[in-house]
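*Asks:* First the structure, then my questions, so here it is.
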Amino acid sequence: MLQPQAVVRNALTTGRESVTVFLTDVGHGLLDVSHSMLAMVGLAVVAGALFMGSQDDLRDTLEARAWGWLEARHLARSGGEDLAAEAENEPTAAGPVNTSSTADPADLTRAQANVARWIVRRYHVAPEPVARLVQESWTVGQRTGIDPTLILSVMAIESSFNPFAQSPVGAQGLMQVMTKIHSDKYDPYGGHLAAFDPVSNLRVGVLVLKECIAKGGGLASGLRYYVGAGAADDDGGYAAKVIAEQDLLKRVAAGQNVPPTVVPIIANVAPTPAATPVPVVAPAAAASESTAHAAAPEQDAQARPERERVALAH
């Protein structure tokens with residue numbers, strides 16, 4: 001007859017063996033399942049790679065999303081200090097770089113909304129990008145002392161609000177800035193390729209316009225320098241066209257009913273002598289009805305003589 005201690009010992013030994021066998025079987029089962037799952041994952045990866053290789057559009061979309069996510073993570077970790085810090089240090093810049101090229105038209109003031117709606121109808125462009133440009137023109141105009149309607153009228157005559165416009169002599173973007181001459185002004189915005197970013201081109205164009213007005217001693221002469229005709233006898237009517245377009249924009253901003261198809265009335269604009277400077281921001285004035293009509297602004301931007309802004313390089 002077994003002693004009680006022997007019975008207990010045998011029971012414990014049997015229990016340990018049972019548990020060991022159970023755990024071993026479970027381990028082998030999990031290992032087999034893991035191998036099977038890894039094999040399935042591998043097959044899925046191979047199948048996915050083959051599918052992606054045959055779907056160029058889907059692959060490009062996924063790559064773009066992945067790159068956008070990585071870029072957003074980088075900006076979040078760095079606090080967006082890369083270009084924004086440089087733009088903030090630029091004394092005449094409009095502040096930190098805002099990569100958004102659109103804005104909600106509902107966020108505009110009444111004058112801004114009037115101008116944005118009119119530009120949309122006149123130049124057949126989308127309202128959200130135009131709202132952003134109008135908003136930025138007001139912001140930059142306040143900081144630089146340039147009338148926002150003048151900024152917008154330069155865009156209208158230069159590019160008809162096409163941010164990808166380029167002239168035969170290398171003037172680029174909304175305000176047709178000579179990128180090779182003014183490449184240093186694009187450094188705070190990431191380099192010369194920012195010429196085709198609407199907001200960056202606007203800001204750099206305003207800096208160039210302000211320099212030209214200071215050099216010319218007045219608005220009309222400054223516009224002649226801006227178009228590259230500062231030392232020429234004739235600017236092809238460029239200054240008069242810009243000022244006529246600005247007069248329309250001022251009337252629109254004031255709430256007047258100006259049809260978007262109206263042809264601006266272009267008066268003869270004599271260059272202001274350098275000895276008699278005039279303010280940068282001209283007072284609002286209605287266009288004279290006694291002067292002759294000119295071609296539409298879309299034709300003006302194409303018909304005006306393209307002159308290289310060599311004067312700005314000095």
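The values are calculated or read from the model by the stated rules, or taken from the named source; none is laboratory data. Source: prediction; values computed, not measured. Quick reminder, even Gly has a Cβ in these numbers, built from the backbone with ideal geometry, and neighbours come from all protein chains shown.
*Asks:* With the requirement that a residue be surrounded by fewer than 22 Cβ atoms within 10 Å (Cβ to Cβ), assigned to a loop (DSSP other than H, G, I, E, B) and among the aliphatic types (A, V, I, L, M), what does segment 238-269 give you?
*Replies:* Matches in segment 238-269: 254, 258, 262, 263, 267, 269.
*Asks:* Return yes or no: is residue 17 at pLDDT 70 or above and of a type in the set (Asp, Glu)? If you could, list the steps in order and put the result at the bottom.
*Replies:* Numbers: at pLDDT 70 or above: yes; of a type in the set (Asp, Glu): yes.
When the stated conditions are applied, residue 17 passes them.
*Asks:* Listed residues 256, 246; which is in contact with a Leu (Cβ under 6 Å, 6 or more places away or on another chain) and modelled with pLDDT of 90 or more? Steps first, please.
*Replies:* Working: 256 fails: in contact with a Leu (Cβ under 6 Å, 6 or more places away or on another chain).
Checking each option against the conditions leaves just 246.
*Asks:* Also, I was wondering about something else. Take segment 189-215 and flag every residue that is in a helix (DSSP H, G or I), free of Cβ contacts under 8 Å to residues at least 24 places away in the same chain and either over 22 Å from residue 229 (Cβ atoms) or not assigned by TED's automatic domain parsing to the domain that holds residue 131 (or both).
*Replies:* Those that are in a helix (DSSP H, G or I), free of Cβ contacts under 8 Å to residues at least 24 places away in the same chain and either over 22 Å from residue 229 (Cβ atoms) or not assigned by TED's automatic domain parsing to the domain that holds residue 131 (or both): 192, 193, 194.
*Asks:* When residues of segment 128-151 are filtered for being touching an Asp or Glu at 6+ places or on another chain (Cβ under 8 Å) and crowded, with 23+ Cβ neighbours inside 10 Å, how many remain? So that I can check it myself, show each step before the final result.
*Replies:* Here is the first cut: in segment 128-151, the residues touching an Asp or Glu at 6+ places or on another chain (Cβ under 8 Å) are 128, 131, 135, 141.
Imposing the further condition that a residue be crowded, with 23+ Cβ neighbours inside 10 Å reduces the set to 131.
So the answer is 1.
*Asks:* Could you grab me the full set of residues in segment 182-230 that are of a type in the set (Phe, Trp, Tyr) and out of contact with any helix residue (DSSP H, G or I) (no Cβ under 9 Å at 6 or more places or on another chain)?
*Replies:* Scanning segment 182-230 gives a single hit, 196.
*Asks:* Consider residue 190 against the criteria (1) at pLDDT below 90; (2) buried (at least 23 other Cβ atoms within 10 Å of the Cβ): it satisfies all of them except one. Which criterion is unmet?
*Replies:* (2)
*Asks:* While we're here: Among the residues of segment 161-182, which ones are closer than 24 Å to residue 120 by Cβ and surrounded by fewer than 21 Cβ atoms within 10 Å (Cβ to Cβ)?
*Replies:* Matches in segment 161-182: 162, 164, 165, 166.
*Asks:* Just to be sure before I move on: is residue 115 at pLDDT 95 or above and closer than 18 Å to residue 207 by Cα in the structure I sent? Write out each step before concluding.
*Replies:* Numbers: at pLDDT 95 or above: yes; closer than 18 Å to residue 207 by Cα: no.
No; evaluated as a whole, the condition is false for this residue.
Condition check ((1) in a helix (DSSP H, G or I); (2) within 19 Å of residue 197 (Cα to Cα); (3) in contact with a Pro (Cβ under 7 Å, 6 or more places away or on another chain)) across all residues:
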site	(1), (2), (3)
113	yes, no, yes
121	yes, no, yes
125	no, yes, no
131	yes, yes, yes
134	yes, yes, no
140	yes, yes, no
143	yes, no, no
151	yes, yes, no
154	yes, yes, no
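*Asks:* Restricting attention to segment 137-172, which residues are at pLDDT below 95 and at positive phi?
*Replies:* Those that are at pLDDT below 95 and at positive phi: 145, 170.
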